[in-house]
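*Asks:* The structure is given below, and queries will be raised subsequently.
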């Protein structure tokens with residue numbers, strides 16, 4: 001086998017860093033389940049026509065073909081629709097909802113943590129294969145607004161639970177499509193989607209260029225463009241932000257019913273967030289989310305101090321997640337870019353695992369003939385939930401201790417001599433050198449040494 | 001969106017059945033970590049030349065292409081080696097070992113639980129996308145035999161841990177390539193691999209046809225073919241099986257050094273298994289595993305009473321898992337076909353989850369104006385690890401109770417009246433109808449209702 005290089009855009013972790021990733025995944029799952037979300041997993045592939053319904057992502061899709069399409073058995077001919085790897089978890093979820101609509105209870109709360117694939121050019125924080133963690137609530141026919149308040153707060157709690165391992169705080173930026181659209185219409189701009197698409201570029205190209213685009217692409221006057229930028233400049237984490245928007249709209253004679261509806265919703269979200277996740281949620285009127293299907297709240301999330309990484313958790317409300325022609329399924333959801341997050345905290349040294357192996361105890365072997373004694377000790381420890389392994393060879397004890405040391409295994413167990421030594425022996429904490437007599441049927445390591453822990457790194 | 005049908009060969013579960021699958025995965029992970037295996041996850045794709053090294057699986061590989069290969073930016077030209085989805089976890093693990101050899105401690109113990117893809121024609125128990133759960137120990141340069149004893153016993157323990165949810169018992173069938181090869185050579189057959197390939201067909205086509213093939217394809221005489229079938233007929237779960245093989249070999253004057261080495265190894269495995277997993281491991285001399293790279297122990301596993309499902313856990317010893325030209329990495333490992341297993345126990349009604357949602361408590365809503373009181377109750381319960389959700393609407397209580405009932409949520413919480421009701425309220429067990437006053441800051445459901453449990457099904 002020739003020299004092997006990593007594939008750009010397909011991240012993989014060493015065991016120690018995988019422990020960090022696994023901890024993040026476990027924490028998300030635990031939080032989502034505490035809030036009553038059911039876990040589902042969909043297949044990795046969807047028919048291409050499903051994946052391409054939205055058009056704009058077409059160039060990102062990986063298409064599958066079998067290496068040897070077997071013409072002789074007619075299999076190729078039966079594969080009417082080609083398959084592609086899903087590029088997010090929303091498209092497969094929409095399909096899953098339609099496929100199982102008769103068997104799911106609505107409103108249906110689900111979480112889904114899986115890999116997705118995009119054939120994009122890899123760059124920092126942007127991968128070709130990465131893990132997403134999504135929560136959505138989807139209704140049959142209708143879906144009350146309060147879920148738009150609830151879901152970002154679930155994510156706030158999930159991120160909060162990760163603070164203790166060293167994750168920086170997050171800021172969840174929220175906006176409401178009805179506010180933006182109501183305002184644009186109020187000042188006389190009809191192509192709200194077009195305006196949003198330009199506003200979405202603010203962070204990248206700056207206000208002057210956005211104003212130019214609004215004039216040239218969306219038919220705005222200079223004054224209208226200025227008003228759009230003024231709206232985009234409003235942000236805040238309490239109800240004053242609502243007053244600021246209303247004042248701006250009034251100064252332009254632009255108060256519409258749609259704007260008032262949106263402001264009412266945004267205010268409810270801000271007020272609830274102030275109480276339940278103080279300091280986390282910020283109304284930011286420039287948040288546009290370029291995607292056409294959002295119809296109410298939209299969300300983006302930045303890691304404080306790592307804003308240039310982009311959003312690590314985004315989503316919003318969509319009135320038509322799916323439709324079978326008779327019933328329409330509205331939804332609201334958010335998606336965490338887990339790989340982007342883990343990549344940053346691992347490579348930045350923000351978070352680390354206390355060891356790279358689950359093993360808490362290495363059971364030494366006196367002689368190969370009495371390996372069974374060591375196996376018995378290991379079985380006794382494991383029966384009480386203590387992860388352990390038996391030394392690979394009856395080498396000098398110094399070498400066996402080095403085996404443990406290289407792996408970060410904190411304890412080495414020395415069985416008694418002879419074939420019938422039983423559970424009595426002695427155990428050494430190889431960090432302190434302390435060694436004590438112990439019985440494998442009763443001894444346990446300190447709780448903090450039982451499993452590898454995920455803790456803030458030295459770079460924190 | 002048009003009518004949607006499932007894709008054959010790509011299994012998906014409803015939330016209730018996903019809980020069963022998740023429990024199986026959690027149990028495997030816990031067992032593997034108790035035995036000191038580090039979890040890793042590799043990317044889903046490998047370069048095609050890696051995937052095709054073994055030749056015979058070529059027709060099963062799904063090849064990837066980007067929908068729009070962008071000629072203009074030269075990306076297509078840079079993709080020198082096409083990518084395919086991995087069809088097992090051994091090929092990616094071998095590549096991972098080589099890629100990270102300098103950073104891994106050897107012998108390296110790893111588990112890996114991921115989806116794999118094969119473009120095979122789907123049939124019962126055979127999928128195009130499925131989950132495998134692998135454990136392997138890989139050494140640098142050498143790897144002692146005792147790992148060939150240890151690894152099937154780890155799997156025996158994992159299956160044992162699944163017995164309590166209603167999984168039928170398993171039988172792990174073991175053989176040793178050295179025994180077979182030593183015997184074949186002893187009776188004068190040199191093409192041991194060819195003979196093994198025919199013996200592997202015994203269950204499918206029967207002994208007469210295998211004898212014919214041995215004569216026609218492997219150059220065996222009638223007597224030699226008969227001797228091979230006699231060896232394949234031997235099985236047993238104690239040391240007597242070793243004596244039976246030796247007696248057969250002696251009667252043919254076929255005792256070779258290789259045979260004796262193999263018998264010594266097989267005996268060590270059988271003796272250890274008798275002690276540590278009584279009744280689970282059976283030496284079965286017809287187990288061949290068609291794959292050329294096994295060099296010592298080989299393993300297959302059947303679910304007792306479901307033998308026609310085929311092996312649910314297979315593997316063996318390979319002297320060359322990987323090699324970089326200088327160092328060779330021998331290994332031993334087994335792989336559980338999780339989807340095959342879960343599909344059988346779920347669709348057969350052998351195992352079931354006590355409910356389809358994680359929610360233990362539905363917090364009712366008195367009025368939409370006082371939804372915040374219900375949110376407070378839910379937060380208080382969650383802060384003590386009790387999964388709950390708040391009712392979707394302030395409907396009649398009867399309707400809110402039906403919402404819980406349809407999901408299998410055992411408890412409904414009724415908050416006190418008014419905006420400042422606080423944590424006091426009452427909680428109803430909707431199965432028994434019992435309702436008691438309770439405080440959300442102290443009340444907890446019985447432990448068995450806290451999370452959905454996975455239990456034997458009615459068909460058990």
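The values are calculated or read from the model by the stated rules, or taken from the named source; none is laboratory data. What you see is a predicted model; the values in this text were computed from it and never measured. FYI the Cβ positions are ideal-geometry reconstructions off the backbone, even for glycines, and counts take in every protein chain you see.
*Asks:* Could you check how many residues of segment B:285-305 are under 18 Å from the mean Cα position of the chain (by Cα) and modelled with pLDDT of 95 or more?
*Replies:* At the first step, the residues of segment B:285-305 found to be under 18 Å from the mean Cα position of the chain (by Cα) are B:289, B:298-304.
Those still in the list that are modelled with pLDDT of 95 or more too: B:298-304.
Count: 7.
*Asks:* I need the full set of residues from segment B:208-225 which are over 32 Å from the mean Cα position of the chain (by Cα), crowded, with 16+ Cβ neighbours inside 10 Å and in a helix (DSSP H, G or I), in order please. Steps first, please.
*Replies:* Here is the first cut: in segment B:208-225, the ones over 32 Å from the mean Cα position of the chain (by Cα) are B:208-209, B:211-225.
Filter once more, so that each one left must be crowded, with 16+ Cβ neighbours inside 10 Å: B:211, B:213-214, B:218, B:220, B:224-225.
Within segment B:208-225, B:211, B:213, B:214, B:218, B:224, B:225 qualify.
*Asks:* Taking the residues in segment A:34-50 that are in a helix (DSSP H, G or I) and touching a strand residue (DSSP E or B) at 6+ places or on another chain (Cβ under 8 Å) as candidates, determine which candidate is farthest from the other protein chains (Cβ to nearest Cβ). Steps first, answer last, please.
*Replies:* First, the residues of segment A:34-50 that are in a helix (DSSP H, G or I): A:34, A:48-50.
Then keep just the ones that are touching a strand residue (DSSP E or B) at 6+ places or on another chain (Cβ under 8 Å); that gives A:34, A:48.
On the way: A:34: 5, A:48: 8 Å.
Here the answer is A:48.
*Asks:* Hey, another quick one. Just the residues that are in a helix (DSSP H, G or I) and either more than 7 Å from chain A (Cβ to nearest Cβ) or out of contact with any helix residue (DSSP H, G or I) (no Cβ under 9 Å at 6 or more places or on another chain) (or both), please, taken from segment B:82-102. Even if it seems obvious, please write down each step before you answer.
*Replies:* In the first step, residues of segment B:82-102 are kept if they are in a helix (DSSP H, G or I); the result is B:90-99, B:101-102.
Hits for segment B:82-102 are B:90, B:91, B:92, B:93, B:94, B:96, B:97, B:98, B:99, B:101, B:102.
*Asks:* Part of a loop (DSSP other than H, G, I, E, B), over 30 Å from residue B:392 (Cα atoms) and modelled with pLDDT under 95: which single residue out of A:193, A:120 fits that description? First the steps, then the outcome.
*Replies:* On the way: A:193 fails: part of a loop (DSSP other than H, G, I, E, B).
Of the residues listed, the single one that is part of a loop (DSSP other than H, G, I, E, B), over 30 Å from residue B:392 (Cα atoms) and modelled with pLDDT under 95 is A:120.
*Asks:* Consider residue B:161 against the criteria (1) away from every other protein chain (no Cβ under 12 Å); (2) part of a helix (DSSP H, G or I); (3) surrounded by fewer than 18 Cβ atoms within 10 Å (Cβ to Cβ): it satisfies all of them except one. Which criterion is unmet?
*Replies:* With (1) away from every other protein chain (no Cβ under 12 Å); (2) part of a helix (DSSP H, G or I); (3) surrounded by fewer than 18 Cβ atoms within 10 Å (Cβ to Cβ) applied to residue B:161, the lone miss is (1).
*Asks:* So, residue A:395, is that one away from chain B (no Cβ under 13 Å) and surrounded by fewer than 20 Cβ atoms within 10 Å (Cβ to Cβ) or not?
*Replies:* Values: away from chain B (no Cβ under 13 Å): no; surrounded by fewer than 20 Cβ atoms within 10 Å (Cβ to Cβ): yes.
No.
*Asks:* Here's something else I'd like to know. Which residues, counting only those in segment A:414-460, are touching a helix residue (DSSP H, G or I) at 6+ places or on another chain (Cβ under 7 Å), in a strand (DSSP E or B) and closer than 22 Å to residue A:16 by Cα?
*Replies:* Matches in segment A:414-460: A:454, A:455, A:456.
*Asks:* Working only within segment A:116-135, note down all residues that are surrounded by fewer than 22 Cβ atoms within 10 Å (Cβ to Cβ), over 19 Å from residue A:345 (Cα atoms) and at the interface with chain B (Cβ under 8 Å from one of its Cβ atoms).
*Replies:* A:121, the sole residue that qualifies.
*Asks:* Just checking: which of the strands (runs of 3 or more DSSP E) contained wholly in segment A:270-362 hold 3 or more residues that are within 22 Å of residue A:91 (Cα to Cα) and away from chain B (no Cβ under 14 Å)?
*Replies:* Working: elements: A:281-284, A:297-303, A:313-323, A:328-337, A:351-353.
Those strands (runs of 3 or more DSSP E) span A:297-303, A:313-323, A:328-337.
*Asks:* Now, a different point. Which of the numbered conditions does residue A:382 fail, given that it passes all the others? Conditions: (1) surrounded by 22 or more Cβ atoms within 10 Å (Cβ to Cβ); (2) touching a strand residue (DSSP E or B) at 6+ places or on another chain (Cβ under 7 Å); (3) within 13 Å of chain B (Cβ to nearest Cβ).
*Replies:* (1)
*Asks:* Answer yes or no: is there a residue in segment A:408-424 that is more than 30 Å from residue A:298 (Cβ to Cβ), facing chain B (nearest Cβ under 9 Å), crowded, with 22+ Cβ neighbours inside 10 Å and under 38 Å from the mean Cα position of the chain (by Cα).
*Replies:* Our first condition is that a residue be more than 30 Å from residue A:298 (Cβ to Cβ); within segment A:408-424, this holds for A:408-424.
If we keep only those that are facing chain B (nearest Cβ under 9 Å) as well, we get A:409.
Checking the rest, the ones that are also crowded, with 22+ Cβ neighbours inside 10 Å come to A:409.
Okay, now just the ones that are also under 38 Å from the mean Cα position of the chain (by Cα), so A:409.
Looking for residues that are more than 30 Å from residue A:298 (Cβ to Cβ), facing chain B (nearest Cβ under 9 Å), crowded, with 22+ Cβ neighbours inside 10 Å and under 38 Å from the mean Cα position of the chain (by Cα), one finds at least one in segment A:408-424, hence yes.
*Asks:* Okay, moving on. Restricting attention to segment B:8-28, does a residue exist that is over 26 Å from residue A:38 (Cα atoms), out of contact with any strand residue (DSSP E or B) (no Cβ under 6 Å at 6 or more places or on another chain) and within 7 Å of chain A (Cβ to nearest Cβ)?
*Replies:* The answer is no, given that none of the residues of segment B:8-28 is over 26 Å from residue A:38 (Cα atoms), out of contact with any strand residue (DSSP E or B) (no Cβ under 6 Å at 6 or more places or on another chain) and within 7 Å of chain A (Cβ to nearest Cβ).
*Asks:* Would you call residue A:454 under 30 Å from residue A:168 (Cα atoms) and either modelled with pLDDT of 95 or more or over 42 Å from the mean Cα position of the chain (by Cα) (or both)? Can you show your working first?
*Replies:* Working: under 30 Å from residue A:168 (Cα atoms): yes; either modelled with pLDDT of 95 or more or over 42 Å from the mean Cα position of the chain (by Cα) (or both): yes.
So residue A:454 passes the test.
*Asks:* Which of the residues spanning segment B:363-373 are touching a strand residue (DSSP E or B) at 6+ places or on another chain (Cβ under 9 Å) and either under 15 Å from residue B:396 (Cα atoms) or within 10 Å of chain A (Cβ to nearest Cβ) (or both)? Steps first, answer last, please.
*Replies:* Of the residues in segment B:363-373, the ones touching a strand residue (DSSP E or B) at 6+ places or on another chain (Cβ under 9 Å) are B:363-366, B:370-371, B:373.
If the condition is that a residue be touching a strand residue (DSSP E or B) at 6+ places or on another chain (Cβ under 9 Å) and either under 15 Å from residue B:396 (Cα atoms) or within 10 Å of chain A (Cβ to nearest Cβ) (or both), then B:363, B:364, B:365, B:366, B:370, B:371 are the ones that fit.
*Asks:* Is there a residue in segment B:430-443 that is over 37 Å from the mean Cα position of the chain (by Cα), at positive phi, surrounded by 13 or more Cβ atoms within 10 Å (Cβ to Cβ) and in contact (Cβ under 8 Å) with a residue 12 or more places away in the chain?
*Replies:* No: segment B:430-443 contains no residue that is over 37 Å from the mean Cα position of the chain (by Cα), at positive phi, surrounded by 13 or more Cβ atoms within 10 Å (Cβ to Cβ) and in contact (Cβ under 8 Å) with a residue 12 or more places away in the chain.
*Asks:* Residues to consider are A:232, A:254; find the one that is in the same structural domain as residue A:175 (by TED's automatic domain parsing), crowded, with 17+ Cβ neighbours inside 10 Å and more than 23 Å from residue A:302 (Cα to Cα). If you could, list the steps in order and put the result at the bottom.
*Replies:* Values: A:232 fails: more than 23 Å from residue A:302 (Cα to Cα).
Answer to the check: A:254.
*Asks:* Tell me which of these residue A:145 doesn't satisfy, since it passes every other one: (1) at pLDDT below 95; (2) surrounded by fewer than 19 Cβ atoms within 10 Å (Cβ to Cβ); (3) within 11 Å of chain B (Cβ to nearest Cβ).
*Replies:* (1)
*Asks:* Scan B:157, B:181, B:208, B:164 and give me the residue that is under 28 Å from residue B:134 (Cα atoms) and in the same structural domain as residue B:294 (by TED's automatic domain parsing).
*Replies:* Numbers: B:157 fails: in the same structural domain as residue B:294 (by TED's automatic domain parsing); B:208 fails: under 28 Å from residue B:134 (Cα atoms); B:164 fails: in the same structural domain as residue B:294 (by TED's automatic domain parsing).
Selected residue: B:181, the only one of B:157, B:181, B:208, B:164 that is under 28 Å from residue B:134 (Cα atoms) and in the same structural domain as residue B:294 (by TED's automatic domain parsing).
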